[in-house]
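See below for the structure under consideration.
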Amino acid sequence: MFAIWWRWGLIATVPLLLLAVWDFFQDEHTLRRNYPLLARVRWLMEDLRPYARAYVVESDLEGRPFNHDERALVYARAKGELDSHPFGTELDVYSAEYEWLAHSIVPNETAPAEWRCDVGSSQCAKPYSASLLNISAMSFGSLSANAIMALNKGAAAGNFYHDTGEGGLSRYHRSHGGDLVWEIGSGYFGCRDDDGRFSPERFADTAQIDQVKMVEIKLSQGAKPGHGGVLPASKVSEEIAEARGVPVGKDCVSPAAHSTFSTPVGLLEWAAQLRDLSGGKPVGIKLCVGQPHEVFAIVKAMRETGIRLDYIVVDGAEGGTGAAPVELSNRVGTPLREGLILVRNALVGASLKDEIRLAAAGKVHSGAGMAMNFGLGADWCNAGRAFMFSLGCVQSMRCHEDTCPTGIATQDATRQRGLVVPDKAERVARFQRATLHGLREMVVAMGLESPWQITPCHINERLDSARAAPIDDIYGFLEDGALIADPDATAYARCWQLAQAASFQRAA
């Protein structure tokens with residue numbers, strides 16, 4: 001018996017001893033050289049830190065980018081479980097974290113069970129009736145094939161749309177027939193020629209597919225505005241090459257800027273071309289607001305040329321992505337609230353809001369959050385990470401390492417195996433349906449007939465522990481035509497003067 005234990009002791013200790021010797025003589029890491037074997041505990045704790053923090057250390061409201069309570073709400077709704085909260089709010093109602101919507105003494109229980117948003121200007125031949133909550137842009141390549149299929153199957157079951165992301169329209173997006181919004185980025189994936197420039201012929205072939213309901217020009221995204229990217233050759237598999245229309249095994253470059261236009265007028269002329277090539281489907285833009293005069297330049301171009309976009313999606317700086325330079329994700333881009341208000345004011349102030357729909361994207365995960373966005377001018381909302389949670393994402397923060405433990409943000413086939421498409425698709429549809437029900441409950445409680453009746457005066461924000469005010473006392477909201485009638489009387493006078501339809505540069 002002693003001999004058996006002795007042998008097992010050697011089996012356990014000899015590898016550790018050899019590892020300690022290796023650490024002592026290696027010259028890459030000082031800590032391992034000075035503290036052989038023991039220093040490795042540091043790296044072990046670094047690896048375990050996200051999980052320990054999320055499951056042991058953090059309170060229900062401390063996690064970032066989504067806290068435990070926010071994730072738990074999505075999980076419960078996706079699984080069809082009870083989503084009520086006991087014993088009152090955990091928020092400090094006298095701190096800046098508490099915002100509230102003003103309810104009515106007379107709730108409107110006869111409000112419609114569902115609303116949809118008709119998207120399409122007077123120049124659009126095939127308007128689209130959009131759900132009020134849809135799947136935001138997430139590309140195949142960033143997400144796995146199984147994740148894309150589950151999202152699309154859920155979208156088909158729930159009658160809402162699935163944005164392809166700029167990585168092209170893959171076979172997996174088409175796998176279950178869910179409505180698609182085809183996003184076109186600066187790489188023109190899926191509609192590019194051999195030199196990487198936009199190909200009208202290739203675009204028309206795909207855009208006229210019935211499953212494609214709208215086209216979205218991506219100008220920038222919240223997580224990394226103003227930044228292109230390179231998918232290394234080693235990651236350009238046959239499937240990704242097929243979706244993007246690029247050679248297998250070669251670097252796939254997505255420039256920071258578009259090559260099809262360089263001015264506001266050029267952008268609108270291209271949008272009009274895309275609308276014609278698609279057979280008259282709605283064409284819009286997505287952007288994270290940066291320099292305000294550029295937004296006003298697009299508005300001025302629409303008024304001067306008569307060309308209309310069908311919709312604009314405002315992405316907030318709090319939006320997410322698989323990977324982004326930390327400087328851009330932390331310090332570049334306007335948060336959703338300020339960006340949404342600015343674009344709303346630009347459209348309303350120029351008397352364009354009646355024709356052009358406005359969508360909000362950025363940490364949307366609940367009916368209350370949607371209601372806030374409607375009050376700021378949104379016509380519908382898109383969500384990305386919330387739908388990832390509905391698939392089973394645990395916020396492990398491994399999206400950029402191809403080691404996602406839930407098989408969502410990885411191309412590793414063994415990890416994808418755990419994501420069962422039919423089961424997760426049901427969760428996607430349930431989450432979307434329950435969240436829209438949550439939005440309706442907010443509308444009913446406020447005594448309104450639809451979420452478009454929510455106004456800034458319904459939203460209250462804390463200034464400090466002793467003072468609060470309706471949000472229209474804090475931010476300015478323009479009246480219809482204010483930028484046309486008297487721009488100098490608005491807070492945007494300087495930005496309006498700097499904007500010019502012929503250039504994104506500031507006017508002299």
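Where a number appears in this text, it was derived from the coordinates with a stated rule and is not lab data. Every value quoted in this text rests on a predicted model; they were computed, and no experiment measured them. Please note: Cβ atoms are built from the backbone with ideal geometry, for glycine as well, and neighbour counts cover all protein chains shown.
Worth pointing out:
- In the stretch 361-466, trypsin sites (Lys or Arg not before Pro) in a DSSP loop with at most 14 other beta-carbon atoms within 10 Å: Arg417
- Extended-chain gain in nm, criterion 0.36 nm per residue less alpha-carbon gap, Val253 and Asp195: 19.8 nm
- Surrounding net charge for Pro325, when Lys and Arg each add one and Asp and Glu each subtract one, Cβ distance under 13 Å: +1
- For the chain, a crude dipole built from +1 on the beta carbon of Lys and Arg and -1 on the beta carbon of Asp and Glu, taken about the Cα centre, is about 1180 debye to the nearest 20.
- Of the GluC sites (Glu not before Pro) found in the stretch 25-63, those that fall in a DSSP loop while having at most 12 other beta-carbon atoms within 10 Å are Glu28, Glu62.
- Kyte-Doolittle at least -0.5, axis length at least 24 Å by Cα - qualifying DSSP helices, the chain: 2-25, 421-445
- Taking the charge dipole of the stretch 357-483 about its Cα centre, with +1 at Lys and Arg Cβ atoms and -1 at Asp and Glu Cβ atoms, the residue from Val444, Gln416, Cys381 reaching farthest to the positive side is Gln416.
- Were the residues from Phe25 through His103 laid out at 0.36 nm apart, the gain over their Cα-Cα distance would be 21.2 nm.
- A simple spin-label model places pseudo-atoms 7 Å from Cα toward Cβ; at Leu463 and Lys79 they are separated by 4.4 nm.
- Given (i) 179; (ii) 210; (iii) 191, the label whose value is volume of the Cα convex hull per residue in Å³ derived from this model: (ii)
- Straight Cα distances below 22 angstrom link Lys224 to the lysines Lys235, Lys286, Lys363, with same-chain residues fewer than 8 positions distant left out.
- Inter-centroid distance (Cα atoms) of the stretch 103-130 relative to the stretch 74-99, Å: 27
- The longest stretch of the chain left intact once loop-based chymotrypsin sites (Phe, Trp or Tyr not before Pro) with at most 15 other Cβ atoms within 10 Å are removed from consideration, loops following DSSP, is 99-508.
- GluC sites (Glu not before Pro) within the stretch 90-167, DSSP loop, no more than 16 other Cβ atoms inside 10 Å: Glu90, Glu97, Glu109, Glu114
- Legend: calculated FRET efficiency, Glu479 to Arg33, from the Cβ-Cβ distance at R0 = 60 Å, rounded to 0.05, equals 0.30.
- The value of relative contact order for the chain, using C-alpha pairs under 8 Å at least six residues apart, is 20 percent.
- Within straight-line cross-link reach of Lys153, lysines at Cα separation under 22 Å, skipping those fewer than 8 residues along the same chain: Lys79, Lys213, Lys424
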